[in-house]
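The structure appears below as structure tokens.
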Amino acid sequence: MSKLFSSIRSKPVFLILLPLFFVFRGFSENYNAVPLKDALMLFFLYVGATLLFFFVGWLFYRNILKAAILSFTIMAFHFFFGAIQDVLKSFFDDSFITRYSFLVPFFIVNLILLIWFLKRTKKPMDRINMYLNLLLGIFILIDTALLVQKMQHRNLSMNVRPHYNINCDTCTKPDIYFLVFDEYSSTAALKETWNYDNSDLDSFLIRKGFRVLSHSRSNYNFTQFSIASTLNMDYLDIPNPSACTIKDYNNCFELIKNNQVCSILSSMGYEIANYSIFDIQKNPSLVTESFLPLKTKLITSQTFTSRIKKDLFHLLLVGKFEIKWLSKDLIYATYHNNQKIINALIKDSSEIEDRPRFVYGHITMPHPPFYYNKYGQQKSKEDIIKDGDDP
């Protein structure tokens, strides 16, 4: 026991506990939405960055605890920048104190003062070392208890019917294509809202034997909710539809991943082909989607680098600070994803398989960003950003 107390007092365990706490808290809050392997990869990445700052500090101070405190300060600023900025905005709205032009210089000045103080002080750092070790240790234990509770009482708030197994040797089993063109309005909606006549497409589909629902509409405003409901053939039980929480979104991803349609069709001998932006059990998405807060983005969205990317990164996409290879990859990421899905669907439809197939294709179009103007011409990068499309 005395050795443990001595380690807590003298060893900078908080260097590892800080990234562990940050990642573990995000993993626990977004349980079921963030894969464990992705969370572990993120943790080791942050540990590497923490140790890098620690090594630089040690070269400067030649003191383990001082270097650890310096590294801790830098990483804490990175982890909690978004939360700090949001708190300031809640009190000061959009005043100068909430802006990067104040917050970043303010942190740099205080960091310089800390570096100077640690260099000059002769006081032992045992107390602050023990405090940080105990504080983060307690936080991690609390999050562990909450996670265990979630795992023991894993119960999706959006209830759907249990999975079925259907065996039918005499049933006709045609290939099934479920194709989603995200945010494509019905002909009636296009006519009413935009005065656009889309009847030619309806006529084409009818001639090909399709049935067109003239007044179709979505039950939900967000893609995740609509797809979760459709693939489970049921309405979602949302506790508070007017104020959806991150838990509601996470449950949607879980419901899509383990959906009823794929479960039933698999039991009937169907092969599942997933060409969508969502992961399905044993059939992960073949694209990296940029507009959904999936995987580790749920953890990292409040960090300093994520906030900078969200608020200021557009300066690197156009104008005098543009990085051409970077801007091309980012602005046209969704476009390339759409092309990848379309090509995969075309290739899949031309292949003959022994087993019947359920093919789910989900194309993020005409969902923004809008890559074409009303004449069908591809827009420039400048126009995409100018029009407010989210790359």
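Bear in mind these aren't lab numbers, they're just calculated from the coordinates by the rules spelled out. Remember, predicted model here, so these are calculated numbers, not experimental data. Reconstructed Cβ throughout: ideal geometry from the backbone, glycine too, with neighbour counts over all protein chains shown.
Quick notes on this structure:
- Computed over neighbours whose Cβ is under 15 Å from that of residue 220, the net charge equals -4, Lys and Arg +1, Asp and Glu -1.
- Cβ-Cβ FRET estimate between residue 179 and residue 305, R0 fixed at 41 Å, reported to 0.05: 0.65
- Computed from phi, the 3J(HN,Hα) profile of segment 263-275 under the Karplus parametrisation 6.51, -1.76, 1.60 (θ = phi - 60°) reads 5, 5, 5, 4, 5, 8, x, 6, 8, 9, 10, 9, 10 Hz, with x in place of Gly and Pro.
- Scanning residues 5 or more positions from residue 268 or on other chains, those with amide H under 5 Å from its amide H are 166, with H placed 1.01 Å from N in the peptide plane.
- Residues whose placed amide H lies under 5 Å from that of residue 280, excluding near-sequence neighbours: 285
- Ranked by how many other Cβ atoms sit within 10 Å of their own Cβ, fewest first, the residues 262, 244, 171, 252 fall in the order 171, 244, 262, 252.
- Here, segment 176-386 is characterised by an Rg to Rh ratio of 0.98, where Rg is the alpha-carbon radius of gyration and Rh the Kirkwood radius.
- Segment residue 60..residue 192, full-extension length gain: 40.7 nm, with 0.36 nm per residue of separation and the alpha-carbon distance subtracted.
- Distance between the C-alpha centres of segment 327-384 and segment 100-142: 48 Å, rounded to the whole angstrom.
- When peptides 74-86, 348-360 are sorted by average Cβ neighbour count within 10 Å, with the highest value leading, the order is 74-86, 348-360.
- Per-residue Karplus couplings for segment 225-238, computed as 6.51 cos²θ - 1.76 cosθ + 1.60 with θ equal to phi - 60°, are listed in order as 5, 5, 5, 4, 5, 5, 6, 10, 6, 7, 6, 8, 8, 8 Hz, Gly and Pro entered as x.
- Whole-Hz ³J(HN,Hα) from phi, Karplus 6.51 cos²θ - 1.76 cosθ + 1.60, for segment 335-340, glycine and proline x: 4, 5, 4, 4, 5, 5
- Förster-model FRET efficiency, 41 Å R0, residue 86 and residue 342, C-beta, rounded to 0.05: 0.60
- Separation in nanometres of the label points that stand 7 Å from Cα toward Cβ, at residue 200 and residue 147: 5.6 nm
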